[in-house]
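Report on one structure; see the data block that follows.
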Amino acid sequence: MKSKAAALRCAVLSGAIVMGLCTWAGMAAAQATTRPWNDTTLSPDARAKLLLAQLTQDEKFQLIRSYYGGPDRPANVPFPKGALASAGYVPPIDRLGIPALEESDAGLGVASSDRMRPGDHATPLPAGPVTAATWDPQVAYRGGAMIGSEAHSKGFNVLLAGGVNLTREPRNGRNFEYAGEDPLLAGTIVAEAIKGIQDQHVISTIKHFALNDQETNRNAINVQIGEQAMRESDLLAFEIAIERGKPASVMCSYNKLNGDWACENDYLMNQVLKRDWKYPGFVMSDWGGAHSAAKAVNAGLDQESAGEVFDKEVYFDAPLRAALAKGEVKQSRIDDMVQRILRSMFAVGVFQYPAGKAPIDAQANLKVSRETLESGAVLLRNEHDTLPLDVTRLQSVAVIGAHADKGVLAGGGSSLVTAMGGNAVPGIAPTTWPGPVMYHPYAPLKALRDAAPKANVQFAEGNDIAAAAALAAKSQVAVVFVQKWQAESVDAPDLSLPDNQDALVEAVAKANPHTVVVLENSGPVAMPWLDQVGAVLETWYPGGDGGKAIANLLTGKVNPSGRLPVTWPRDLSQPPRKDIPGATGGTPPESVDYAIEGANVGYRWYQAKGIKPLFPFGYGLSYTQFKHDGLKVDAHGNQLQATVNVSNTGARAGADVAQVYVHVPGAKSARLAGYAKVFLKPGEHRTLTIPLEPRLLADFDVAKHGWVIRGGQYSVSEGPSSEDLGSPVSVQLPAGKL
Ligand code: BGC
């Protein structure tokens with residue numbers, strides 16, 4: 001179907017009339033003289049250069065701005081003809097065969113499907129931290145490829161996907177879109193998701209560049225942080241994801257950084273991204289993130305997004321033309337902007353593999369989503385082997401709370417996907433932005449009934465705590481689902497669970513000693529009842545087929561192997577900031593001070609301060625046991641490679657993650673420098689070889705403008721979490737620049 005659509009377009013584009021003979025190769029050959037930029041033997045840069053030379057000034061200006069395609073628009077702004085209803089649209093230039101850019105959110109699937117395009121649905125992936133918690137780049141790739149293929153089959157050739165903002169702030173409303181707190185883990189996982197998307201010929205847009213790590217006052221907040229600290233933390237996550245994943249575009253963020261808007265920040269876009277990292281793609285603004293013409297363009301912004309709806313004015317039209325006329329912007333820069341956009345389109349195959357309507361294998365895609373959760377859910381607690389539930393002996397189960405009879409919760413905002421079957425619990429406020437509150441229709445209750453057909457599995461809503469406790473009391477096991485809805489544009493004021501859910505868990509746990517809690521949340525929550533329950537399974541927002549994944553995990557069909565990509569604080573006295581001023585109302589301050597923790601994001605902060613969190617970064621339990629031993633470290637100059645043995649010493653098959661941390665001389669906290677996930681049968685053992693990322697052994701030296709290994713005794717340790725490490729191995733490294 002896809003190739004049929006491509007062939008049809010081919011006939012139209014090339015003017016070929018011989019039906020059935022027109023392939024892309026044939027068309028490219030036929031057009032080699034008329035459209036030499038279609039010659040796929042040339043580099044994307046060379047092709048873009050050839051095409052750029054053909055464009056009129058108006059056509060260039062057409063490519064450097066997009067239009068909003070959503071239905072929620074001011075009455076006086078017409079809907080852009082040709083746009084699929086979605087976040088962004090750049091019209092085609094038919095004269096030269098340049099396809100439109102059809103842009104859809106986002107990292108968890110083709111978003112807002114039904115809200116934007118009534119009747120349309122897509123497969124939701126679990127929340128971003130689930131993918132990060134897999135510590136498995138292949139799972140991330142498969143998720144990216146799945147959402148990329150759905151986007152392509154719906155006619156989209158741009159996904160605004162690849163969120164890699166670090167979890168500096170456990171209350172950040174968008175943590176569920178990101179990949180945790182560590183630059184190596186987040187960077188490598190997001191890189192694979194990007195590769196997966198772009199292998200489907202869909203441009204991936206890594207975002208939000210940069211330091212947009214809280215939502216409160218996101219459109220005005222000035223983030224303050226030093227250069228070394230940001231290079232070693234948030235920017236390192238971007239650097240790794242960009243160099244490995246090669247996203248064709250980057251989205252600059254809403255906030256200011258050290259006084260300048262991110263989307264007119266010369267340091268971020270020109271100096272770091274384009275000069276130091278040699279980034280060849282284009283930077284698009286976040287929706288409402290552009291603030292000027294000349295300043296933004298000269299600082300490196302290449303495309304203004306949906307300015308007619310979101311910016312004060314469309315800067316990249318009349319104001320930019322005026323700036324050009326006055327000499328404030330050079331024509332060569334306008335050409336560079338267009339070159340970058342076209343180059344990205346060629347690099348990803350947007351011309352060669354046109355997006356268009358094609359069938360979607362919904363079952364296969366749901367499997368990708370389910371397997372992501374099965375690989376990323378984290379077993380936080382399992383006293384006296386409360387889990388797995390033995391379905392052969394299970395007689396009765398009380399399933400309680402969180403609408404587990406209907407579905408699984410999703411996070412709110414632009415990343416929200418409407419799954420097939422729509423919202424399982426419609427009408428919960430807020431029903432408009434950043435809502436609706438959405439439950440994907442993959443009910444854990446039904447999945448548990450299917451998994452334990454001999455058991456009497458009953459449901460209590462949980463609003464009536466006494467009724468829930470009574471059901472728990474007469475059941476063999478109680479599984480309580482607790483939830484915390486979070487959404488783009490709002491941070492949580494604290495870590496608490498809403499709606500009296502703590503009292504619910506406490507009452508159920510009192511009524512039944514075999515109580516299991518399943519968490520559906522965006523980031524860490526307070527669990528005052530933790531010591532009273534038998535087991536806790538963290539699923540973040542579970543995504544497509546989430547109910548079945550949860551049932552498989554609880555019943556042991558799948559052995560949990562997720563490891564936390566974030567530190568779980570005991571309470572709000574532990575993270576760098578005790579509160580987010582303005583999160584609960586009132587006027588927020590103009591700036592936020594990220595210099596407090598600097599590069600010590602997450603576990604590095606806790607280690608540097610000697611604070612013991614509730615659960616450390618990298619932590620997670622299994623239904624089997626593993627032994628790690630025999631750590632060796634080989635050094636070849638500045639390149640370190642660790643080898644370590646991991647054995648499954650328990651009775652079940654399962655997976656563990658070998659995590660290698662480095663202490664650079666004098667540092668108070670360790671840095672994750674390499675990792676590998678391994679699947680082992682009972683009794684099996686493997687020797688893993690793990691290359692260590694050299695930038696994690698180095699410091700970013702601002703004066704020398706680069707990564708510098710200080711030299712000396714480096715201590716390398718390995719273990720199943722950041723706080724459970726074996727004996728360190730000491731390595732002498734020479735000083736030097738990377
Ligand atoms: C978000 C972006 C999103 C864009 C388009 C913005 O509000 O910050 O992540 O891609 O909207 O929907």
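Of note:
- Verdict on residue 669 being assigned to a loop (DSSP other than H, G, I, E, B) and open to solvent by less than 20 Å² (accessible area, probe 1.4 Å): yes
- Residue 106 being surrounded by 23 or more Cβ atoms within 10 Å (Cβ to Cβ) and modelled with pLDDT under 95: yes
- Looking across 431, 386, 418, one residue alone is within 30 Å of residue 72 (Cβ to Cβ) and in contact (Cβ under 8 Å) with a residue 60 or more places away in the chain. It is 418.
Here is a yes/no grid of residues against (1) assigned by TED's automatic domain parsing to the domain that holds residue 515; (2) outside any strand (DSSP E or B); (3) open to solvent by less than 40 Å² (accessible area, probe 1.4 Å); (4) among the acidic types (Asp, Glu):
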| site | (1), (2), (3), (4) |
| --- | --- |
| 424 | yes, yes, yes, no |
| 430 | yes, yes, no, no |
| 468 | yes, yes, yes, no |
| 482 | yes, no, yes, no |
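- Answer from 297, 309, 283 - the residue that is within 16 Å of the ligand (Cβ to nearest atom), touching a Lys or Arg at 6+ places or on another chain (Cβ under 9 Å) and assigned to a helix (DSSP H, G or I): 309
- When we screen 478, 467 for residues that are out of contact with any Phe, Trp or Tyr (no Cβ under 9 Å at 6 or more places or on another chain) and either without any contact (Cβ under 8 Å) to a residue 24 or more places away in the chain or within 16 Å of the ligand (Cβ to nearest atom) (or both), the only hit is 467.
- Pairs meeting the criteria (first residue in the stretch 71-96 and at pLDDT below 95, second residue assigned to a loop (DSSP other than H, G, I, E, B) and basic (Lys, Arg), beta carbons under 6 Å, at least 6 apart or on different chains) are 85/117.
The rows are residues; the columns are (1) under 24 Å from residue 125 (Cβ atoms); (2) buried (at least 23 other Cβ atoms within 10 Å of the Cβ).
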| residue | (1), (2) |
| --- | --- |
| 403 | yes, no |
| 412 | yes, yes |
| 427 | no, no |
| 435 | yes, no |
| 455 | no, no |
| 472 | no, yes |
| 493 | no, no |
| 500 | no, no |
| 511 | no, no |
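- Residues considered: 215, 177, 192. Of these, the only one that is open to solvent by 10 Å² or more (accessible area, probe 1.4 Å), more than 24 Å from residue 100 (Cβ to Cβ), acidic (Asp, Glu) and within 16 Å of the ligand (Cβ to nearest atom) is 177.
For (1) in contact with a strand residue (DSSP E or B) (Cβ under 9 Å, 6 or more places away or on another chain); (2) in a helix (DSSP H, G or I), each residue gets a yes or a no:
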site	(1), (2)
156	yes, no
165	yes, no
172	no, no
180	no, no
189	no, yes
193	yes, yes
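- Scanning the stretch 375-396 for residues that are on the phi < 0 side of the Ramachandran plot and open to solvent by 20 Å² or more (accessible area, probe 1.4 Å) yields 381, 382, 383, 386, 388, 390, 391, 392, 393, 395, 396.
The values are calculated or read from the model by the stated rules, or taken from the named source; none is laboratory data. Bear in mind the structure is a predicted one, so any value in this text is a computation, not a measurement. Positions of Cβ are generated from backbone atoms using ideal geometry, with glycine treated the same way; all protein chains shown enter the neighbour counts. Quick note on the areas: whole protein, heavy atoms, side chains included, nothing else; ligands and nucleic acids left out. Shrake-Rupley method; radii C 1.70, N 1.55, O 1.52, S 1.80 Å.
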